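Readers should treat all values here as calculations from the given coordinates under stated rules, not as data from a laboratory. Owing to the predicted nature of the structure, the values given are computational and were not obtained by experimental measurement. In this analysis, Cβ positions are derived from the backbone assuming ideal geometry, glycine residues included, and neighbour counts consider all displayed protein chains.
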Amino acid sequence: MVECHKFVNSRFNSNSYIISHSTFNDVWIVDPGDTDNIFLWLEKHSKAIISGVLLTHAHFDHIYGINDILNHYPNCPIFVANIYGEELLHDAKKNGSRYTEEGSIVVKDGARIDLYKKELDLWSDTKASIFYTPGHSEDSVCILVDKMFFTGDTLIKDTRTVTKLKGGSEGKLENSLSQINTLMGNNLVVYPGHGDLFYLDDYDLNKSLIKKVGYGDKA
Ligand SMILES: [Zn+2]
């Protein structure tokens, strides 16, 4: 059975998630932030390996735990959407960390960075499906594992999605939300990059947009 544990991070209020499987002793981490509680959780649950880091996008508040993870698991692959995401990982200005009080965050040299394909095998009986959903950033993805839908900053409960940062686009967000709209009716639970979990079915995706486009009419 696949399970997910949520952590709310101390530094930027972002959410990190551990995805685990009852019959395997490795886990996957979504958007690592604070790592002390992640390592404690792994120890407590006898999980020995982090098989990979799945990024919803590479803004500073979703990546700041990566180097700690690499200190423990140097070969752990970091999955990003595309070249833009890869750039963000290496550029404190582009990933936004340079403008925070706490200063620059870049992924250390030698990190193994992999680009997502449409699907990723997490375990022998579990796949992750990757949906490319630009709009908040050029490298935003949503990740579907069973009924769990990880949306990063593309879809946050009762919150208009930020599209004004570099690489953001309201038009692209609209297309991405149209894609997400097709997943309605599957009992998916949204695991967002900030805030509470919520059910996708019946959620009004217009709340994410400046200009409403009538997703509600289609649903
Ligand atoms: Zn972001």
Report the calculated FRET efficiency for F24 and K108 (r = Cβ-Cβ distance, R0 = 30 Å), to the nearest 0.05. 0.60
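Based on the Cβ-Cβ distance from W123 to K212, what FRET efficiency comes out when R0 is 45 Å, to the nearest 0.05?
0.65
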Amide H of G33: which non-local residues (sequence gap of 5 or more, or other chain) have their own amide H closer than 5 Å, using H built in the peptide plane? G65
Quick check on the exposure proxy: order T100, T163 from fewest to most C-beta atoms within 10 angstrom. T100, T163
Asserting the computed 222 nm helical MRE of the chain (DSSP H runs at least 4 long, -39500 (n - 2.57) per run, divided by residue count, to nearest 500) equals -5000 deg cm²/dmol
Within a 10 angstrom radius of the beta carbon, how do S129, S46, S51, S10 rank from fewest other beta carbons to most? S46, S10, S129, S51
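Nearest 20 debye, what's the magnitude of the dipole of the chain about its Cα centre given +1 on Lys and Arg Cβ and -1 on Asp and Glu Cβ?
420 debye
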State the Cα centre-to-centre distance between the stretch 78-122 and the stretch 142-198 in whole Å. 19 Å
Go through S51, L165, L144 and say which Cα lies farthest out towards the positive end of the charge dipole of the chain; charges sit on Cβ, +1 for Lys and Arg, -1 for Asp and Glu. L165
